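Written below as C-alpha cells is the structure these notes are about.
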Amino acid sequence: MDRQMQIHEIIGKTITNFYSLLKWNVDGVDIFECFIELDNSYFIGIPYPLIDEVEQKELNPDAQNLFADFSDIRIPHFRIKHRPKKSNIFHRLRNILLGHGTAVENNVTCTEEVEYVENKMKYIKDRQIVDVIWYANDCDYEVGYILLDNGYLITAVTVAPYGTGTAHLYVYESINDLTKIRGSDYFKLTSKNGCH
C-alpha cells in the first residue's frame, strides 16, 4: 500500500490505533518506526517537515501495539552498593603471613527500586489531528509534531546512535511543554504563511 496522500488530508482524522517497531543496532544506529492508524482504515507515519505528502504504510507484523495496555509504565532502578567487609586481626595476620597484602574484600548488594510513570498513550487514543508543526532548524531525518485536539503532541526520534535509548516516541502534554525545550520558532501547517 504505497498510496501517497497530501499532508493536509490528515487534519481532522482520528488516531484509532498506534503501533511501533524499534530495531536495535542497524549499522550502528537504532531505528524507530511508528504506524498510526487513522479512522480505523489505514496507517501512516509521523510526517516529515516541509514535505507535502504522507505515505500510507503497511503494518509490520512485528510492531508492538502501544494502545494494548494503558497501565502505568514500570521502570526499575538498580542500586549497587559496595561495602568493605570488616577486617579482624585474624584476617590481617593471615593476609600478611600468606603474602596477600592487606586488601579488604567487599560485600556487594543490589537492591531494586521501582518507579511508575504515567502511560500518556491513553491521551492519544481516539483524538483528532488538528495540526502538524515543525521547526525551521529540523534536519531532513527529523519528523514533525502532530498536534491533537486535546493539546497533546506526538513526535519521534526515528534514528539515533546505537544504545543511547533516544530512538522512540515522544509525547508532550502541550505546546508550552514543547516550547520550553525547543523554543517558540515553530511553523504550523494550518497557518496561511506556515508560522504560528
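Just so it is clear, none of the values below were taken in a lab; they were calculated from the coordinates. For clarity, every value in this text was computed on a predicted model and none was experimentally measured. Cβ sites come from the backbone with ideal geometry, for glycine too, and all protein chains shown count toward neighbours.
Below is a table of values for the structure above.
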item	result
Spacing of the two label points (7 Å from each Cα toward its C-beta) at residue 55 and residue 176, in nm	3.8
Qualifying aspartates and glutamates (Cα of each under 12 Å from Cα of residue 125; at least 8 residues distant if same chain)	37, 39, 69, 149
Computed FRET value (nearest 0.05) for residue 16 with residue 166, which takes r as the C-beta separation and R₀ as 35 Å	0.80
Amide H partners (placed H, <5 Å) of residue 156, local residues excluded	143, 170
Protection proxy ranking, peptides 150-156, 7-13, 62-68, average beta carbon neighbours within 10 Å, highest first	150-156, 7-13, 62-68
At R0 = 25 Å, FRET efficiency that the Cβ-Cβ distance of residue 125 and residue 184 yields, to 0.05	0.30
Peptides ranked, highest mean first, by Cβ atoms within 10 Å: ranges 122-132, 20-30, 170-180	122-132, 170-180, 20-30
For residue 131, distant residues with modelled amide H under 5 Å away	147
Alpha-carbon gyration tensor eigenvalues x 5, square-rooted, for the stretch 1-79, Å	27, 17, 12
